[in-house]
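Below is one structure, written out as structure tokens, with a few remarks after it.
The values are calculated or read from the model by the stated rules, or taken from the named source; none is laboratory data. Everything quoted here is computed from the prediction, not taken from an experiment. Neighbour counts run over all protein chains shown; Cβ positions are idealised from the backbone, glycine included.
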Amino acid sequence: MGTPKSERQVSTSRVIAAPAQTIFDVLADPSKHSIIDGSGTLVEAKSNPPRLFLGAKFGMKMSFHVVMRNKVVEFEDGKQIGWRHIGQHIWRYQLEPVEGGTKVTETFDWRPSPVPWLLHRQNIPKKNLASMEQTLARLDSYVTTGNVPEP
């Protein structure tokens, strides 16, 4: 038996000492995704708009030699952005102003996946959670220092 659909999400949060709009501007710029990626699989942006918007399509060259095409399916400027690719699951970022900066929550939402049993069997949600924690750490460093974090 697989994971019930209602439980097919994993999230992690981090408070970053920066305004929500500053953080969102990085997330909405596909050329910055490989800089903040904690999975080590994003190589570079390919054929993309300079800033994402609802319905925008963008590509990312992956370390496994394919270009993954994505579509922005959630967008509220300064607050939330989410996209999906052929696997249909959603990568979502939600930003909430809090004391000391912005609480950034990244979610891997695999409820829409047509093959949830495969993701579950390969332990993808747990692996993605570790990568998302690294992504938020890299995002924090990039936004607060301007430096490109080491992998």
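With respect to D109, is the statement that it is under 20 Å from L42 (Cα atoms) and either surrounded by fewer than 13 Cβ atoms within 10 Å (Cβ to Cβ) or in contact (Cβ under 8 Å) with a residue 40 or more places away in the chain (or both) true? Walk me through it before giving the result.
Numbers: under 20 Å from L42 (Cα atoms): yes; either surrounded by fewer than 13 Cβ atoms within 10 Å (Cβ to Cβ) or in contact (Cβ under 8 Å) with a residue 40 or more places away in the chain (or both): yes.
Yes.
Please go through segment 101-142 and give me each residue that is over 14 Å from E7 (Cα atoms) and touching a helix residue (DSSP H, G or I) at 6+ places or on another chain (Cβ under 7 Å), ordered by number. Passing the criteria: T102, V104, E106, T135, R138, L139, Y142. Screening F64, F58, F53 for residues that are among the aromatic types (F, W, Y), modelled with pLDDT under 95, out of contact with any His (no Cβ under 8 Å at 6 or more places or on another chain) and assigned to a loop (DSSP other than H, G, I, E, B) leaves exactly one candidate, F64. Selection of segment 72-122 for residues being among the β-branched types (V, I, T), under 18 Å from V10 (Cβ atoms) and either modelled with pLDDT under 90 or in a loop (DSSP other than H, G, I, E, B) (or both) yields only V115.
Tell me, yes or no, whether segment 86-96 has at least one residue that is aromatic (F, W, Y) and under 14 Å from the mean Cα position of the chain (by Cα). Working first, answer last.
Step one: list which residues in segment 86-96 are aromatic (F, W, Y), which gives 91, 93.
Narrowing the set further to residues that are under 14 Å from the mean Cα position of the chain (by Cα) leaves 91, 93.
Taking every residue of segment 86-96 in turn, at least one turns out to be aromatic (F, W, Y) and under 14 Å from the mean Cα position of the chain (by Cα).
Taking first residues from segment 52-67 that are closer than 15 Å to S34 by Cβ and partners that are assigned to a loop (DSSP other than H, G, I, E, B) and not polar (S, T, N, Q), the Cβ contacts under 7 Å between residues at least 6 apart in sequence or on separate chains come to L52/A28; F58/P49; F58/L52; S63/G40. For K32, the criteria (1) touching a helix residue (DSSP H, G or I) at 6+ places or on another chain (Cβ under 9 Å); (2) surrounded by 16 or more Cβ atoms within 10 Å (Cβ to Cβ); (3) basic (K, R); (4) over 16 Å from I16 (Cβ atoms) hold in every case but one, which is (4). Of the residues examined, F58 is one that is in contact with a strand residue (DSSP E or B) (Cβ under 9 Å, 6 or more places away or on another chain) and surrounded by 17 or more Cβ atoms within 10 Å (Cβ to Cβ). Quick check on my filter: what residues within segment 126-136 are touching a strand residue (DSSP E or B) at 6+ places or on another chain (Cβ under 7 Å) and surrounded by fewer than 20 Cβ atoms within 10 Å (Cβ to Cβ)? Of everything in segment 126-136, those that are touching a strand residue (DSSP E or B) at 6+ places or on another chain (Cβ under 7 Å) and surrounded by fewer than 20 Cβ atoms within 10 Å (Cβ to Cβ) turn out to be L129, E133.
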